[in-house]
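This report concerns only the one structure given below.
The values are calculated or read from the model by the stated rules, or taken from the named source; none is laboratory data. Not measured: the values here are computed from a predicted model. Because the Cβ atoms are built from the backbone with ideal geometry, glycine has one as well, and the counts that use them run over all protein chains shown.
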Amino acid sequence: MATFQDEEAASKVRARLESLTHSDLQEFFARSFERCPDPDQAARNLERWLRATSNPHEHLAHLLSTPQLTPLVMLLLGASQPLADAVIQNPELATLLTDPRVLQQVPNTVELLAEGRRLASSSTSYSHTLDRLRFLKQKTLLPLTVSDLAGIRGQEEIWRGLSHLADALIRLAFEAATRQARGSQDQDSGPSPDLMVVAMGKLGGEELNYSSDVDLVYVCPDGLEPSAEAELSKTCEMLNRALADRMGRGALYRVDLR
């Protein structure tokens with residue numbers, strides 16, 4: 001059974017959730033938090049998540065119907081506050097964490113690029129595009145982290161998945177920054193062939209971890225016209241900010257330029 005540091009506070013959370021969902025949660029609280037590094041935090045985040053949903057009873061019923069996978073959701077809610085905040089910010093994403101097929105998937109760069117471009121095509125502004133990229137990171141990172149915490153995947157697979165995610169997001173941000181620098185919203189307008197973004201360090205070796213910076217080098221040929229060089233310089237500056245600026249969903253990556 002789960003051991004709460006503050007049993008009284010946990011009991012109050014349970015009582016509020018029982019009132020909210022019209023359910024008896026005594027057994028749920030006794031069993032679902034056993035693997036949590038911080039059951040108290042997980043319980044608080046569970047309440048925040050359910051209150052953020054449009055139908056708390058329905059979402060709780062889904063958790064109760066997947067008793068083998070529900071502890072993984074609680075594990076995430078009690079292990080990482082930033083990721084718990086992502087679930088609370090996007091309540092629908094929690095269903096990904098109880099889908100065994102999703103937990104078995106490793107992020108694929110090609111598929112992520114396709115999804116990112118689809119999201120960008122429906123965005124209404126440059127800042128909205130950057131928000132959509134941050135949403136894509138949240139959506140991809142949540143099940144990957146759960147599969148890591150649960151021991152479903154080995155460390156090298158996790159590093160590779162994180163690296164593929166970063167590769168896709170950097171490419172997508174590069175495309176968006178290029179369009180913005182040119183003053184064009186044409187989704188088919190790709191980056192200039194005169195500018196190359198090269199990944200170094202852990203990203204270049206597909207060994208990125210959760211807290212890694214991304215080490216990047218920007219390369220362009222000598223002898224460019226001043227106007228072309230100015231445009232590429234503007235694109236690089238915008239890409240740096242697209243990746244590193246904090247927005248409502250946080251930053252994509254800290255950038256270390258070599």
### Positions within the stretch 1-21 being exposed (fewer than 11 other Cβ atoms within 10 Å of the Cβ), modelled with pLDDT of 85 or more and part of a loop (DSSP other than H, G, I, E, B), in sequence order
Gln5
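Can you confirm whether Val198 is at pLDDT 90 or above, exposed (fewer than 14 other Cβ atoms within 10 Å of the Cβ), farther than 25 Å from Leu119 by Cα and out of contact with any Phe, Trp or Tyr (no Cβ under 7 Å at 6 or more places or on another chain)? Outline the logic, then answer.
Working: at pLDDT 90 or above: yes; exposed (fewer than 14 other Cβ atoms within 10 Å of the Cβ): yes; farther than 25 Å from Leu119 by Cα: no; out of contact with any Phe, Trp or Tyr (no Cβ under 7 Å at 6 or more places or on another chain): yes.
Here the answer is no, as Val198 does not meet what is asked.
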### Task
Could you please find all residues in the stretch 52-94 being under 19 Å from Arg134 (Cα atoms) and not hydrophobic (A, V, I, L, M, F, W, C)?
Ser80, Gln81, Pro82, Asp85, Gln89, Asn90, Pro91, Glu92
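Do we find that Leu208 is in contact with a Ser or Thr (Cβ under 9 Å, 6 or more places away or on another chain), among the hydrophobic types (A, V, I, L, M, F, W, C) and in a helix (DSSP H, G or I) in this structure? Even if it seems obvious, please write down each step before you answer.
On the way: in contact with a Ser or Thr (Cβ under 9 Å, 6 or more places away or on another chain): yes; among the hydrophobic types (A, V, I, L, M, F, W, C): yes; in a helix (DSSP H, G or I): no.
In short, no.
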### Task
Considering each of Ala61, Ala9, Ala42, Ala52 in turn, give the residue that is within 19 Å of Asp99 (Cα to Cα) and in contact with a helix residue (DSSP H, G or I) (Cβ under 9 Å, 6 or more places away or on another chain).
Ala61
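For the stretch 225-245, indicate whether the set of residues that are assigned to a strand (DSSP E or B), within 26 Å of the chain's Cα centre (by Cα), surrounded by 15 or more Cβ atoms within 10 Å (Cβ to Cβ) and not aliphatic (A, V, I, L, M) is non-empty. First the steps, then the outcome.
Kept after step one, since they are assigned to a strand (DSSP E or B), are these residues of the stretch 225-245: none.
No, the stretch 225-245 contains no residue that is assigned to a strand (DSSP E or B), within 26 Å of the chain's Cα centre (by Cα), surrounded by 15 or more Cβ atoms within 10 Å (Cβ to Cβ) and not aliphatic (A, V, I, L, M).
Counting residues that are buried (at least 20 other Cβ atoms within 10 Å of the Cβ) and in contact (Cβ under 8 Å) with a residue 60 or more places away in the chain, which helices (runs of 4 or more DSSP H) fully inside the stretch 35-84 reach at least 3?
Fully inside the stretch 35-84 and qualifying: 70-79.
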### Task
Return the residue satisfying two criteria in turn: it lies in the stretch 211-240 and is in contact with a Ser or Thr (Cβ under 9 Å, 6 or more places away or on another chain) and among the hydrophobic types (A, V, I, L, M, F, W, C), and of such residues it is nearest to Arg171 (Cα to Cα).
Leu239
## Note on the structure
Of the candidates Thr140, Thr145, the one satisfying the condition of being touching a residue at least 12 places away in the same chain (Cβ under 8 Å), among the β-branched types (Val, Ile, Thr) and touching a Pro at 6+ places or on another chain (Cβ under 8 Å) is Thr140
### Message
So Arg171 ticks every box in (1) surrounded by 19 or more Cβ atoms within 10 Å (Cβ to Cβ); (2) modelled with pLDDT of 95 or more; (3) out of contact with any strand residue (DSSP E or B) (no Cβ under 7 Å at 6 or more places or on another chain) but one. Which box is left unticked?
### Response
(1)
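Considering only the stretch 22-34, state which residues are within 28 Å of the chain's Cα centre (by Cα) and in a helix (DSSP H, G or I). Break it down stepwise before answering.
Within the stretch 22-34, the subset within 28 Å of the chain's Cα centre (by Cα) is 28-29, 31-34.
Phe28, Phe29, Arg31, listed by residue number.
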### Task
Mind listing just one residue for me: the one in the stretch 227-253 that is touching a strand residue (DSSP E or B) at 6+ places or on another chain (Cβ under 7 Å) and not aromatic (Phe, Trp, Tyr) and, of those, farthest from Ala166 (Cα to Cα)?
Cys236
### Query
Taking the stated definitions as given, is Ala166 buried (at least 22 other Cβ atoms within 10 Å of the Cβ) and touching a strand residue (DSSP E or B) at 6+ places or on another chain (Cβ under 8 Å)?
yes
### Query
Out of all the residues in the stretch 141-151, is one or more out of contact with any His (no Cβ under 6 Å at 6 or more places or on another chain), not in a helix (DSSP H, G or I) and not assigned by TED's automatic domain parsing to the domain that holds His57?
yes
### Task
Determine whether Ser192 is of a type in the set (S, T, N, Q), outside any helix (DSSP H, G or I) and under 26 Å from Ala230 (Cβ atoms).
yes
